[in-house]
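A short write-up of the structure that comes next.
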Amino acid sequence: MLLHLFFSLFVFLTLIDNGNAGVTSSFIRNEFPAVDIPLENEVFAVPKGYNAPQQVHITQGDYEGKAVIVSWVTPDKPGSSEVRYGLSKGKYDFTAKGSFTNYTFYTYKSGYIHKCFLNGLQYDTKYYYEIGNGDSARNFWFETPPKVDPDASYTFGIIGDLGQTYNSLSTLQHYMNSGAKSVLFVGDLSYADRYKYHDVGVRWDSWGRFVEPSTAYQPWIWNTGNHEIEYMPYMGEVTMFKSYLYRYPTPYQASNSTSPLWYSIRRASAHIIVLSTYSPFVKYTPQWKWLREELKNVDREKTPWLIVLMHVPIYNSNVAHFMEGESMRSVFEAWFIEHKVDVIFAGHVHAYERSYRISNIHFNISSGDPYPVPDKTAPVYITVGDGGNKEGLAARFRDPQPDYSAFRESSYGHSTLEIKNRTHAFYHWNRNDDGKKVKIDSFVLHNLYWGQNHQQRKSNQNRLRSLILNRASTAQL
């Protein structure tokens, strides 16, 4: 009996190590209806006061984490683009002046969209800030990250495909209680493109107010999805990403990018690369050239954690959007492995899935293994397109579950990545379980660069120690 138990345990562990013991969750939840919350709901409430700033959101403003971009909208007239900020609540010793713009989308005309750059900030510091004037002024705060350092601990939240349904609200509220300090957003924000004509802009405004309880206080690191494209020739609107680009600035120039749609930042001990699935990325295109150079700029001695964000998953075993990421995989996967990317987060598929470390870089159409194989030098691929939007869940997974798939479930939720030091991070996926946050999938993520380098250094030290001892023994003889 004991021998049989030992053998079963050995087989189970072997399957896990080789990526062949995946789990398809059978959980089925009683979800809220996948419809957008009515505009008159309090979650979309316009702040009190004439021309009061609304839709406030911040993002990192530079490469290193010492700057913030503050954005907001004034609905009636431009007003002030100034941000007053300081280290004490109500005491603002610094002032930054920004700018404003607006745009039209069919018959919709946006409010005045403000953008203000706050730089020269201290690391690991809480700042209070104020925007607007008089009775319409509004006050918020944010915290800067710790100094870029290989052992700086930091917790990220990961959200994708959010929308503005009751399921979206559940995800947002659960995330805000998670203890995470910044959001890595993997695309598909408002789902305003599910509307037509004037209502497209209206639903961008409602979404900005919807997420403000988080975005005004924490930087969200933005990425785009297909629902930001908004190519609508029947309305005369053919400029891709128009609404998004006006509303959500990114620090792309700080990483020498030529487009706000792809860029990178360093935050605490992480180097985060944002890629645009719906922009050209094949050889010789601007995004391809930029990524080739940016990967060379990654210094794992300073930022050991290398994280990539994209919208369409490279590995996906759901029926929905199956193999849509294959073209980007064929272009970039070898680079991801060469540079030891630790984890890649994606959305698009309205479900959750995590892979083992696998790769498929040996097939070249005419020869090589055409299937993914276990690869300890490859990233973990995680799909978190489960924020809660009005299109509902992607409930159909392909059967049988592929060997590379570790865990998958069709539920709404969000993830957290808690970086502890240069070698280990804790990852959790949290299901929105009928109004409660429940940790369902979790694992310890081992850093590819430091884990392997540490083992190599330890091996070298052992060889050196053995060499010294051998020489000492020989001398004694």
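If you go through the stretch 27-79 and pick out every residue that is in contact with a Leu (Cβ under 7 Å, 6 or more places away or on another chain) and part of a strand (DSSP E or B), you end up with 2. Taking only the stretch 396-411 into account, find how many residues are of a type in the set (D, E) and crowded, with 23+ Cβ neighbours inside 10 Å. Residues flagged as of a type in the set (D, E) and crowded, with 23+ Cβ neighbours inside 10 Å within the stretch 396-411 amount to 1. Per the listing T239, T250, the residue uniquely out of contact with any Lys or Arg (no Cβ under 9 Å at 6 or more places or on another chain) and open to solvent by 20 Å² or more (accessible area, probe 1.4 Å) is T239. Residue pairs, Cβ under 9 Å, 6 or more apart or interchain, first in the stretch 179-206 and farther than 19 Å from Q54 by Cβ, second part of a helix (DSSP H, G or I) and of a type in the set (D, E). List them. Pairs that qualify, where the first residue is farther than 19 Å from Q54 by Cβ and the partner is part of a helix (DSSP H, G or I) and of a type in the set (D, E), are G187/E228; D188/E228; D193/E228. Would you say Y175 is in contact with a strand residue (DSSP E or B) (Cβ under 9 Å, 6 or more places away or on another chain), part of a loop (DSSP other than H, G, I, E, B) and closer than 27 Å to P150 by Cα? Judged against the criteria, Y175 is not a match. Here R266 clears all of (1) open to solvent by 10 Å² or more (accessible area, probe 1.4 Å); (2) outside any strand (DSSP E or B) except the condition numbered (2). Quick one: how many residues across the stretch 284-315 are polar (S, T, N, Q), outside any helix (DSSP H, G or I) and either more than 21 Å from T377 (Cα to Cα) or out of contact with any strand residue (DSSP E or B) (no Cβ under 6 Å at 6 or more places or on another chain) (or both)? Total meeting the criteria: 1. Across the stretch 383-395, the qualifying residues are those that are hydrophobic (A, V, I, L, M, F, W, C) and farther than 15 Å from V343 by Cα, and the one among them that is least open to solvent (accessible area, probe 1.4 Å) is A394. Kindly indicate whether any position in the stretch 131-153 is more than 26 Å from F345 (Cβ to Cβ) and buried (at least 22 other Cβ atoms within 10 Å of the Cβ). Scanning the stretch 131-153 turns up at least one residue that is more than 26 Å from F345 (Cβ to Cβ) and buried (at least 22 other Cβ atoms within 10 Å of the Cβ).
Restricting the stretch 156-168 to residues that are of a type in the set (A, V, I, L, M) and not in a loop (DSSP other than H, G, I, E, B) leaves a set whose member that is surrounded by the most Cβ atoms within 10 Å (Cβ to Cβ) is I159. Taken together, V349, V380 contain a single residue that is in contact (Cβ under 8 Å) with a residue 60 or more places away in the chain, open to solvent by less than 30 Å² (accessible area, probe 1.4 Å) and hydrophobic (A, V, I, L, M, F, W, C), which is V380. Inclusion of D441 among residues that are over 20 Å from the mean Cα position of the chain (by Cα) and surrounded by fewer than 22 Cβ atoms within 10 Å (Cβ to Cβ) is not warranted. The set of residues in the stretch 425-438 being modelled with pLDDT of 85 or more and open to solvent by less than 70 Å² (accessible area, probe 1.4 Å) consists of A425, Y427, H428, W429, N430, R431, N432. Restricting the first member to the stretch 92-108 and to residues that are closer than 15 Å to V200 by Cβ and part of a strand (DSSP E or B), and the second to residues that are among the polar types (S, T, N, Q) and at pLDDT 95 or above, the beta-carbon pairs closer than 7 Å and six or more apart or on different chains are F105/S243. Scanning the stretch 169-179 for residues that are touching a Ser or Thr at 6+ places or on another chain (Cβ under 8 Å) and either within 24 Å of I229 (Cα to Cα) or open to solvent by 10 Å² or more (accessible area, probe 1.4 Å) (or both) yields L172, M176, S178, G179. Beta carbons closer than 6 Å, at least 6 apart along the sequence or on distinct chains, pair a first residue in the stretch 318-336 that is open to solvent by less than 30 Å² (accessible area, probe 1.4 Å) with a second that is not in a loop (DSSP other than H, G, I, E, B) for N318/F397. Any idea which residue in the stretch 191-232 is nearest to T250 (Cα to Cα), counting only those that are surrounded by fewer than 22 Cβ atoms within 10 Å (Cβ to Cβ) and of a type in the set (K, R)? The qualifying residue nearest to T250 (Cα to Cα) is R209. Would you be able to say whether some residue in the stretch 357-376 is open to solvent by less than 10 Å² (accessible area, probe 1.4 Å) and either modelled with pLDDT under 95 or within 17 Å of the chain's Cα centre (by Cα) (or both)? Looking through the stretch 357-376, none of the residues is open to solvent by less than 10 Å² (accessible area, probe 1.4 Å) and either modelled with pLDDT under 95 or within 17 Å of the chain's Cα centre (by Cα) (or both). The residues listed here are Y63, Y50, Y103; of these, the one that is exposed (fewer than 15 other Cβ atoms within 10 Å of the Cβ) and at pLDDT 95 or above is Y50. If we scan the stretch 421-431, do we find a residue that is in contact with a Phe, Trp or Tyr (Cβ under 8 Å, 6 or more places away or on another chain), touching a residue at least 12 places away in the same chain (Cβ under 8 Å) and charged (D, E, K, R)? For the stretch 421-431, residues in contact with a Phe, Trp or Tyr (Cβ under 8 Å, 6 or more places away or on another chain), touching a residue at least 12 places away in the same chain (Cβ under 8 Å) and charged (D, E, K, R): present.
Of all the numbered requirements in (1) open to solvent by 50 Å² or more (accessible area, probe 1.4 Å); (2) outside any helix (DSSP H, G or I), S257 misses one, and that requirement is (1). Restricting the search to the stretch 76-95, which residues are surrounded by 15 or more Cβ atoms within 10 Å (Cβ to Cβ) and under 12 Å from Y129 (Cβ atoms)? Passing the criteria: E82, V83, R84, Y85, G86, Y92.
The values are calculated or read from the model by the stated rules, or taken from the named source; none is laboratory data. Since this is a predicted model, take the numbers as computed values, not measurements. Ideal geometry is used to build each Cβ from the backbone, glycine not excepted, and the neighbour counts take in all protein chains shown. Surface accessibility is based on the protein's heavy atoms, side chains included, excluding ligands, DNA and RNA. Shrake-Rupley method; radii C 1.70, N 1.55, O 1.52, S 1.80 Å.
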